[in-house]
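Enquirer: First the structure, then my questions, so here it is.
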Amino acid sequence: MISDGVEDEEKWLTAGIAGLQQNAFYMHRALDSNNLRDALKYSAQMLSELRTSRLSPHKYYELYMRSFDELRKLEMFFKEEARRGCSIIDLYELVQHAGNILPRLYLLCTVGSVYIKSKEAPAKDVLKDLVEMCRGIQHPVRGLFLRSYLSQVSRDKLPDIGSEYEGDADTVTDAVEFVLQNFTEMNKLWVRMQHQGPAREKEKREKERSELRDLVGKNLHVLSQIEGVDLDMYKDTVLPRVLEQVVNCKDELAQHYLMDCIIQVFPDEYHLQTLDVLLSACPQLQPSVDIKTVLSQLMERLSNYAASSAEVLPEFLQVEAFSKLSNAIGKVIEAHVDMPTIGVVTLYSSLLTFTLHVHPDRLDYADQVLGACVKKLSGKGKIEDSKATKQIVALLSAPLEKYNDIVTALKLSNYPRVMEYLDTETNKVMATVIIQSIMKNKTCIETEDKVEALFELVKGLIKDLEGNLQDEVICNSFLIDEDDFKEEQNSFARLIQMLYNEDPEEMFKIICTVRKHILTGGPKRLPFTIPSLIFSCLKLVRQLQGQDENPFGDETSTTPKKIFQLLNQTIEALSSVPAPELSLRLYLQCAEAANDCDLEPVAYEFFTQAYILYEEEISDSKAQVTAIHLIIGTLQRMHVFGVENRDTLTHKATGYSAKLLKKSDQCRAVYACSNLFWVDDQENMKDGERVLLCLKRALRIANAAQQMANAARGNTGSVTLFVEILNKYLYFFEKGNPQITVSTIQGLIELITTEMHSDTTTPDPAADAFFASTLRYIQFQKQKGGAVGEKYEPIKV
Amino acid sequence: MDFLVGAFKPPCNVSISFADARTRKQVPLKKDNGQTIMVPLFQSQENIIGEVLIEPTQGKKFEHNGVKIELLGQIELYFDRGNFYDFTSLVRELDVPGELYERKTYQFEFSTVEMPHESYNGINVRLRYILKVTIGRNYISNIVECQDFVVRNYTPPPSINNSIKMEVGIEDCLHIEFEYGKSKYHLKDVIIGKIYFLLVRIKIKNMELEIRRRESTGLGPNTYVETETLAKFELMDGAPVRGESIPVRLFLSPYELTPTYRNINNKFSVKYYLNLVFVDEEDRRQHTMASSSGILVWFFSGVGGFIFMSYSCDLQF
């Protein structure tokens, strides 16, 4: 059925075009032979094709455009005729003899255009006549196109100020009246279109109507182009008349489109000065009109206008734009009781953007907007509509973008209250947005209160919000959510680093606050948040380190000791998660800091904690290897310990090393331990004998490893371990350890060489290369000459 | 044979010419055989002057009982064919009985002739003016030659010319109010008016304005009435809504109208009516008036040229 309809339409269009072309042909012939009578006859016949009711507006437009082109030729001919002395007045009468009204009026408009050009009559009279006569077409589509034609041919002939058709004192009024009248009539026709034809095709008709809307809107554009329409004219005549038409037509489609048009085509400053009038029309529109989009657009335009130049801002203040808009929005929302949440939020979001642009200094306005929004949202519970949620995010992001400074946003008391209406997920998204804003602008949060306020905003990240535990469980089952979770926690961890105050007292307060909050985060969050906090604390420690301890003897003042206590407790919380490896690292980090502060007992305590963790919690052998190397590394740098403590710790460390599972790991850990006995810049910590002991032990283990390998697999494996130990020997040799002699090195080199050539050794190119480069290093040192060369000289390779 | 041909041929040629033929305006006139010829135009009280030329054929002489010229105003009713009613008859004797040998011209003159009625060519009736030359002969039929001419009488504009305003309608269907600026129009006039829609319950496709001519002939029971639509002029395309007003502007010059004639010589009348026709979407035609003839308007032959009228009918309802 439908496809038939379309095909039929095609057929009718084709027939229409054919008829049009045929008559146009005869018309051209008549034009060529200057036969006025025939020209009129055939042009009227040609225009009769436009009388069809069978075409959809889209197809009708095609026919119209073709006629339009032909009429241009006819207009040229009329101009010629007039120049040749044919009375334009007679011509104006002659075309009115046509029996059918539609061709008659098209011709009349065409001649009318020439008539105005000839200036034989004032433009306003001709225009008035034309626009009145066009009333004869009451068929919506045909009427719209005819009037559109009138508007088209007349737009450069309006008696505007400065135009060559300018008339008497009221000339602009005449021009405006003409356009307004044509606009009013067109709008009436356009609105009436929906009632034509059967009810079941309503949807299709609405679509067709919407295609025609620009014909109506063009009139407003023409109005905006009239030079003489100044602010007064706009305020007193144009806007009231247009709005009257808009309100009275009581049609959703028209009202929405035309309001939009008004906002788009007229200058911003006019809108600003007529805000009352424009806004007062809004509550009068049909309830189904999408008023939020209209108002949003208005506010967007005004915002851009305000942003365009600082000079216009006083105007905004002068007309109290904010309070007017704010009232209007309130009224619109009241009038539309069942407006969906998204509408409400969009409106407030636009208003907020507007406020931020126009009154950046009036934070109270912004807060007022948020407050009003909260009021409207209250009682609706969490918002579930995803679009509305997005709008809220936009609403909340606006102040951040504008001020580039969360500190300002934190002053908005209603800000967190709005956030409460977001669901958990979006709340987190919003929190992330806030954090990103802070990061981007490198904002420093400097006081405890602000931190409290900020944490109120991002609490969705800090802890599980009530009633969402179940969500959390579900989340855990999805890997992708796990990634999101990591992402957000990482960003939160970064946020902690932005909380900073130079004053240690204040900083300490901040740290305490942060700690209080993050400890509520539960085992899943702590591994992310605590390290960040720890390092923040350590930063403070470093800062204090330089100062004298407790300079005023004040009990309450912040001392490194106090901080270390706090640190200890905090890490303890983490180890209960459990996250032993992480805790261990943090303990070591703290120990180092304590070391720098010369707090031996504290450092010792941290080490103890680390050892306990190692012994009790870290059971994975790989983790053990990593941990032992960390311990050795940290311990090596410790200088605060007395001999006894140090001995205890190094002894333990060596012990752990020797108890690793894999021989190779054992070997490496043990030779690493050798460093514990030889600290370069401290004379009292150079114990060559124990270094040698370690290295020898390492050699033994390496040997044992080889034999084990031989027993288990039938070959001795690689010589890498030996080469590594050789390097260690060379290191201490170079450092001047008296226990390391040329002969021991020589012996080791030979051992390796033999091993490499033994049958049971598996060839290992990497080890060969390593060895070769080690030998090259010895050669190189030899050639260096001087003390070093001399030292190396005896070694033969 | 030659003798026979000579016997049935008229013995002379007669032609009538007007003294001011060159300067006088000529208008078309439809003859009985359907041909249109151009004839001179006169109005009442004019002098009709000219000459008659009689030229015997082949130089033969012939005898006659006298030559006369008549000016006749006749009304011819077609259903009463053959009967002419002469309402004007003027005679001038041109020659006494005698013989004609050679071509001869006779001057004639009718001074300030009363020609009260205008020439009219209708469906059932014709009013015409002729100059008739009769050469009387004995025993054989007279030689008669006629020359038509047309009479138009210009009347001054009527002193009272009211507008026509009326509310009409079809109950619960369509109520309109129309207003025409005048009730009397000259023939080159323009009808200006406005149609105001008070109630629209039918689906109107378009609205036309018709000019109808009602010609009635005869008297009493023998009255014949013919109605003819002379103009069909589309005023509106599409369906209006309540409150809409549609302008009317109809130029009369393209149509072949005559002035209104009332009871000419008790023989016939010609009246004109304006009729609004509404066509609905099923192509049914609705006439707004109870009688299908419409609103009576008066046409007259005005004086002077036509003046351009810009849109001026600004009626407030």
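Enquirer: Return yes when residue A:286 is of a type in the set (S, T, N, Q) and in a helix (DSSP H, G or I) and no when it is not.
Expert: Here the answer is no, as residue A:286 does not meet what is asked.
Enquirer: I'm trying to understand the selection: among the residues of segment B:209-221, which are surrounded by fewer than 22 Cβ atoms within 10 Å (Cβ to Cβ) and either within 18 Å of residue A:142 (Cβ to Cβ) or within 12 Å of another protein chain (Cβ to nearest Cβ) (or both)?
Expert: Selection gives B:210 alone.
Residue by residue, here is whether (1) of a type in the set (Ser, Thr, Tyr); (2) modelled with pLDDT under 85; (3) within 30 Å of the chain's Cα centre (by Cα); (4) surrounded by 14 or more Cβ atoms within 10 Å (Cβ to Cβ) holds:
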| site | (1), (2), (3), (4) |
| --- | --- |
| B:187 | no, no, yes, yes |
| B:190 | no, no, yes, yes |
| B:196 | yes, no, no, yes |
| B:207 | no, no, yes, yes |
| B:223 | yes, no, yes, no |
| B:236 | no, no, no, yes |
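Enquirer: Which number in (1) buried (at least 19 other Cβ atoms within 10 Å of the Cβ); (2) more than 8 Å from every other protein chain (Cβ to nearest Cβ) marks the one condition that residue B:230 misses?
Expert: (1) is the only condition that residue B:230 fails.
Enquirer: Could you go through segment A:458-466 and let me know if any residue there is surrounded by fewer than 16 Cβ atoms within 10 Å (Cβ to Cβ) and modelled with pLDDT of 80 or more.
Expert: Scanning segment A:458-466, I find no residue that is surrounded by fewer than 16 Cβ atoms within 10 Å (Cβ to Cβ) and modelled with pLDDT of 80 or more, so the answer is no.
Enquirer: Determine if segment A:516-533 includes at least one residue that is charged (D, E, K, R), part of a helix (DSSP H, G or I), at pLDDT 80 or above and surrounded by 15 or more Cβ atoms within 10 Å (Cβ to Cβ).
Expert: Within segment A:516-533 (the criterion being charged (D, E, K, R), part of a helix (DSSP H, G or I), at pLDDT 80 or above and surrounded by 15 or more Cβ atoms within 10 Å (Cβ to Cβ)), the answer is no, since none of the residues qualifies.
Enquirer: Which residues, counting only those in segment A:389-409, are hydrophobic (A, V, I, L, M, F, W, C), modelled with pLDDT under 80 and surrounded by fewer than 21 Cβ atoms within 10 Å (Cβ to Cβ)?
Expert: A:407
Enquirer: Which members of segment A:118-131 meet the condition of being more than 9 Å from chain B (Cβ to nearest Cβ), surrounded by 17 or more Cβ atoms within 10 Å (Cβ to Cβ) and among the basic types (Lys, Arg)?
Expert: A:124
Enquirer: Sticking with this one: Quick one: which strands (runs of 3 or more DSSP E) lie wholly within segment B:233-288 and hold at least 1 residues that are within 9 Å of another protein chain (Cβ to nearest Cβ) and not small (Gly, Ala, Ser)?
Expert: Qualifying strands (runs of 3 or more DSSP E): B:245-251.
Enquirer: Kindly list the number of the only condition in (1) under 19 Å from residue A:181 (Cβ atoms); (2) more than 13 Å from chain B (Cβ to nearest Cβ) that fails for residue A:115.
Expert: (2)
Enquirer: Determine which member of the set A:102, A:94 is within 14 Å of another protein chain (Cβ to nearest Cβ), in contact with a helix residue (DSSP H, G or I) (Cβ under 7 Å, 6 or more places away or on another chain) and modelled with pLDDT under 95.
Expert: A:94
Enquirer: Among the residues in segment A:201-217, are any crowded, with 21+ Cβ neighbours inside 10 Å, at pLDDT 95 or above, farther than 21 Å from residue A:125 by Cβ and not β-branched (Val, Ile, Thr)?
Expert: No: zero hits.
Enquirer: Let me ask another. Check off (1) of a type in the set (Gly, Ala, Ser); (2) buried (at least 17 other Cβ atoms within 10 Å of the Cβ); (3) assigned to a loop (DSSP other than H, G, I, E, B) for residue A:372 and give me the number that stays unchecked.
Expert: Condition not satisfied by residue A:372: (3).
Enquirer: For segment A:146-177: of the residues being closer than 23 Å to residue B:243 by Cβ and buried (at least 24 other Cβ atoms within 10 Å of the Cβ), which is nearest to the other protein chains (Cβ to nearest Cβ)?
Expert: A:146
Enquirer: Answer yes or no: is there a residue in segment B:206-218 that is assigned to a loop (DSSP other than H, G, I, E, B), in contact with a strand residue (DSSP E or B) (Cβ under 8 Å, 6 or more places away or on another chain) and not charged (D, E, K, R).
Expert: The answer is yes; a qualifying residue exists.
Enquirer: Just to be sure I understand, how many residues within segment B:182-205 are more than 14 Å from chain A (Cβ to nearest Cβ), in contact with a Leu (Cβ under 9 Å, 6 or more places away or on another chain) and assigned to a loop (DSSP other than H, G, I, E, B)?
Expert: Residues in segment B:182-205 being more than 14 Å from chain A (Cβ to nearest Cβ), in contact with a Leu (Cβ under 9 Å, 6 or more places away or on another chain) and assigned to a loop (DSSP other than H, G, I, E, B): 2 in total.
Enquirer: Which pairs do you get when a residue that is in contact (Cβ under 8 Å) with a residue 24 or more places away in the chain, found in segment A:678-694, comes within reach of a residue that is aromatic (Phe, Trp, Tyr), reach meaning Cβ atoms under 6 angstrom, with the pair 6+ apart or on two chains?
Expert: A:686/A:678; A:691/A:677; A:691/A:678; A:691/A:732
Enquirer: Please indicate, with yes or no, whether at least one residue in segment A:184-196 is in contact with a Gly (Cβ under 8 Å, 6 or more places away or on another chain) and within 13 Å of another protein chain (Cβ to nearest Cβ).
Expert: Looking for residues that are in contact with a Gly (Cβ under 8 Å, 6 or more places away or on another chain) and within 13 Å of another protein chain (Cβ to nearest Cβ), one finds at least one in segment A:184-196, hence yes.
Enquirer: What's the number of the only condition in (1) exposed (fewer than 14 other Cβ atoms within 10 Å of the Cβ); (2) closer than 18 Å to residue B:259 by Cβ; (3) aliphatic (A, V, I, L, M) that residue B:115 fails to meet?
Expert: (1)
Enquirer: Here's another thing I want to ask about it. Residue by residue through segment A:331-365, note down the ones that are among the small types (Gly, Ala, Ser) and modelled with pLDDT of 85 or more.
Expert: Scanning segment A:331-365 gives A:349, A:350.
The values are calculated or read from the model by the stated rules, or taken from the named source; none is laboratory data. These numbers come from a predicted model, not from an experiment. When we count neighbours, we look across all protein chains shown, and the Cβ atoms used for this are built from the backbone with ideal geometry, even at glycine.
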